[in-house]
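Comments concern the structure below.
Derivation of every value follows stated rules applied to the coordinates shown; laboratory data play no part. Note that the structure is a prediction, hence the values are computed from the model and not measured. Every residue, glycine as well, gets a Cβ built from its backbone with ideal geometry; the counts of neighbours run over all protein chains shown.
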Amino acid sequence: MSSKRTAFATLLGVAALALFADPVLAQGYDSTTEALIQSLNTQLLYMAIPITVLVEGILIYTVWKYRNNDDPKPTKENRRLEISWTIATALVLLVVGYASYGVMANEYVSQASGEIEPADSNAVTVDVYGQKYLWEFNYTGQNVTTTGTLVLPKGQDVILRITSRDWLHSFHVPELGLKQDALPGQYETIKTKPTETGTYQLYCAEYCGVGHSKMLGEVRVVSQQEYQNWLDEQQGNSSS
Ligand SMILES: [Cu+2]
C-alpha cells in the first residue's frame, strides 16, 4: 500500500508543480502566443510522463509477477485504492482543465472570431487576405499593401484580421504559434506580440488546390525603428 501511496503522492506533487508554473515565461519564445502554447504543452508533458511510467510500470510488473499463474482470481474490492485513484484522477483532470483554460482563454491565443478592436490603437492591425495561391497584407490606416511578406514590429501588439478572397485557406506560422483558418466572407482575428526579431515561414495549412504547396509567405519581425522606416518607405513608394 505504501508504494501506491508514494506513487499517488508523486502524481499530486507533479500536478501542484504544473499548477504553479508560470505560463508566460516569454524568454526563448518568438511570440507571446508561442510562449503560452509551448509552456502549456510542457506542463501537460510533465504530467503525462509520470502517469505513463506509473501505468506501464504496473502493467509490466503484473504481467511479470503472474506469468506462471494458471488459476487467476478476480481482484477483491479495495475501497481505499478505489477512492485514491478516483481522487487522483479528478485532481489530474482539474489541473489539466485549469492550465488549459488559462491558456485557451488568453487574448493572445483565442480572440473572439470576427471581433475587431479599433480602440486598441497601440496595436498594428493588418487585414490578411488568402487567395489562390498567395497572401496579401493590408495595413489598416497606413495605405500599405504587400504580397507574400508581412513585416511586424517586435514588442508591439499585432492584430491580424484573416479572411479569404475565394475559398478555404489557413494562415499558419508555426514558429510564432499562429494558426487560423481563412474563410471567405468573414474575418477571423488573431492577436499576438512578437518577442524576437527574425524571419518566420508562413504556410497555407488548408489544402486549397494545385498551388497549395507553393502558397507560402514570410513574416519578418524587425525592431520598432526598422518597422517605422519600412512603413515610410512603402508609403513613399505607393504615393509616387
Ligand atoms: Cu491556400
Handout entry: Whole-percent pair-distance distribution, where bins are 5 Å wide, for the alpha carbons of region 142-197
Key = 4, 16, 24, 29, 18, 6, 2
Exercise for the section: Take the Cβ-Cβ distance between Leu216 and Ala48 as r, set R0 to 41 Å, and report the resulting FRET efficiency rounded to the nearest 0.05. Expected result: 0.75
Handout entry: Nearby lysines by direct alpha-carbon distance to Lys214 (threshold 18 angstrom, same-chain neighbours under 8 apart not counted)
Key = Lys132, Lys179
Exercise for the section: Would you mind putting 127-136, 65-74, 173-182, 143-152 in packing order, based on average other-beta-carbon counts within 10 Å, highest first? Expected result: 173-182, 127-136, 143-152, 65-74
Completion exercise
Sorted by chain and number, the residues with a modelled amide H under 5 Å from that of Ile162, at a separation of 5 or more or across chains, are Val128, Glu188, Thr189, Ile190
Practice task
Sort largest first and round to whole Å: the equivalent ellipsoid semi-axes of region 102-213, each the square root of five times a Cα gyration tensor eigenvalue.
Solution key: 21, 15, 15
Completion exercise
Computed about the Cα centre, the charge dipole of region 91-210 from +1 Lys/Arg and -1 Asp/Glu charges at the Cβ has a magnitude in debye, to the nearest 20, of 140
Problem - Partner aspartates and glutamates for Lys65 [C-alpha distance under 18 Å; skip if fewer than 8 residues away on the same chain] - result: Glu56
Handout entry: Under 17 Å from the Cα of Lys76 - lysines, other chains or at least 8 residues apart
Key = Lys4
Handout entry: Mean separation of Cα contacts under 8 Å, 6 or more apart, over the residue count of region 164-239: relative contact order %
Key = 27
